[in-house]
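Have a look at the structure below before the remarks.
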Amino acid sequence: MAVVAGIDLGGTAINYTFLDGEERWLIDGLCEHPARSKEGPDICLRQIVGGLDIAAARAGISVKDVVLAGLDTPGPASNAGVLSVRGSTNFVHPDWAGFDIRDGLSRRLGKPVTYLNDGNAGALWGHFTLFGAGRPATSISAIIGTGLGGGVIVDGNVVKGRKGFGGELGHVLIPYQSIEFTRGIVPHCNCGRIGDLESMCSLTAIGRTLLPYFLTKYPGHELASLDTVQAAKRVRGLAERGDPMSRDIFRAQAHALGLFFDEIVNAFDPDALIVGGGAIETSADFQHWFVDEIRAGMPSQRQEQADIPIHIMPNGDTAGARGAAIEALKLARDGGLI
Ligand SMILES: [Zn+2]
């Protein structure tokens, strides 16, 4: 049998999945193996290959059945999978600087490997859940976590960009000054910009900007006495339970995302907008409230575009591996391997 593999290399774990030519997943849920990226490319790649054997056995196949593997990792990396020469949070070992991780894995496996960054892989998974792998639809995914990631899929293809920065949605500037109830806010992003999407819509934004701002409006709030980083992590739970200040913080994030989605609707006229990430790993009720707030934050749309669907992305933990496998399936089909 011919299958493709999806391999998601995260900070602490490698996650595997397999997909056949009929678009059936051969592993349900998570198949995890410890990641050893801190120890450099040699040990890390050996670990990935060893884990693939274990995952294949669990899926009831042989690694020989894998015709092509899809790999995704956190960036920054080129669109061909060459990691940044400046290193990054997940690839601190000096041997990673400028390392071609796609080619390195391909040599070890003796198979072709395709590469996506983790944001684009997650976006491709979200897209697949709505449209499958064959239909040439267009979707934009925003994934709200510590930062803001995501991706742009145009006619079924991931927009990787010239240098691998396609889909870096977090650093797109938005007209945040138009959000009435956060008037006077100055949202700084880690990238140095003021007022990009991540500076208003991420866990980092809560700790750095939104929580300090709203605590001045809710004196005596229970989060005021906590360290900001710890307090920021508690905002989602409190918002879900209806705490007014925490709801305001999530409303501000939703309206920021609404402004961004308005820009993207006018740029791409997409088939769907998709929201995912830790921020909305919540009850369905809260997710619906959040989506309604995103819509409320969007400037009024043309009549033809007012019904643009906004979906919630399922299965956060497996999104990277599954997106990587879907990209691999596309290449395997193009190359007649499956
Ligand atoms: Zn930024």
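The values are calculated or read from the model by the stated rules, or taken from the named source; none is laboratory data. Note that the structure is predicted; figures quoted are calculated from it, not measured. Positions of Cβ are generated from backbone atoms using ideal geometry, with glycine treated the same way; all protein chains shown enter the neighbour counts. Side chains are part of the model used for accessible areas, which takes the heavy atoms of the whole protein and leaves out ligands, DNA and RNA. Shrake-Rupley method; radii C 1.70, N 1.55, O 1.52, S 1.80 Å.
Computed quantities for the displayed model
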read-out: Distant alpha-carbon pairs in region 289-338 (separation over 18 angstrom), percent; value: 58 percent
read-out: Rounded accessible area per residue of region 85-198, 1.4 Å, Å²; value: 45 Å²
read-out: Potential lengthening between Lys163 and Cys191 on full extension [0.36 nm per residue; Cα-Cα distance subtracted]; value: 8.4 nm
read-out: Viscosity 1.567 mPa s, 4 °C: Kirkwood-radius Stokes-Einstein D of region 1-123 over Cα pairs, µm²/s; value: 90 µm²/s
read-out: Fraction of antiparallel bridges per DSSP, the chain only, in percent to nearest 5; value: 55 percent
read-out: Pair-distance profile P(r), taking every C-alpha pair of region 155-246, with 10 angstrom steps and integer %; value: 15, 40, 28, 13, 4, 0
read-out: Helix-only mean residue ellipticity at 222 nm for the chain, each DSSP H run of n ≥ 4 adding -39500 (n - 2.57), per residue, nearest 500; value: -11000 deg cm²/dmol
read-out: Charge-dipole axis of the chain as Lys and Arg at +1 and Asp and Glu at -1 on Cβ define it, positive-most pick from Phe250, Tyr176, Leu105; value: Leu105
read-out: Relative contact order [Cα under 8 Å, 6+ residues apart], the chain, whole percent; value: 21 percent
read-out: Environment charge of Val265, counting only residues whose C-beta is closer than 15 Å and scoring Lys/Arg +1, Asp/Glu -1; value: -4
read-out: Radius of gyration, Dmax [region 238-283; alpha carbons; angstrom]; value: 12.8, 36
read-out: Net charge of Cβ neighbours under 12 Å - reference Met200; Lys, Arg +1; Asp, Glu -1; value: +1
read-out: Mean-position separation - Cα centroids, region 150-170 and region 183-198, in angstrom; value: 22 Å
read-out: Computed over the chain, Cα set: Rg, Dmax in Å; value: 20.4, 64
read-out: Cα-based convex hull, region 112-155, per residue volume (Å³, whole number); value: 76 Å³
read-out: In range of the label at Arg241: residues from region 288-306 whose backbone nitrogen is under 20 Å from the point 7 Å along Cα→Cβ; value: 288-290
read-out: Out-of-range pairs (alpha-carbon distance over 26 Å; input Lys163/Lys330; Lys160/Lys233; Lys64/Lys330; Lys160/Lys330); value: Lys160/Lys233
read-out: Protection proxy ranking of 302-308, 172-178 - average other beta-carbon atoms within 10 Å, highest first; value: 172-178, 302-308
read-out: Span-rule helices in the chain, defined as complete DSSP H runs reaching 24 Å or more along the axis (Cα) with Kyte mean at least 1.6; value: none
read-out: Net charge contributed by nearby residues that have their C-beta within less than 11 Å of Glu39 (K/R +1, D/E -1); value: +1
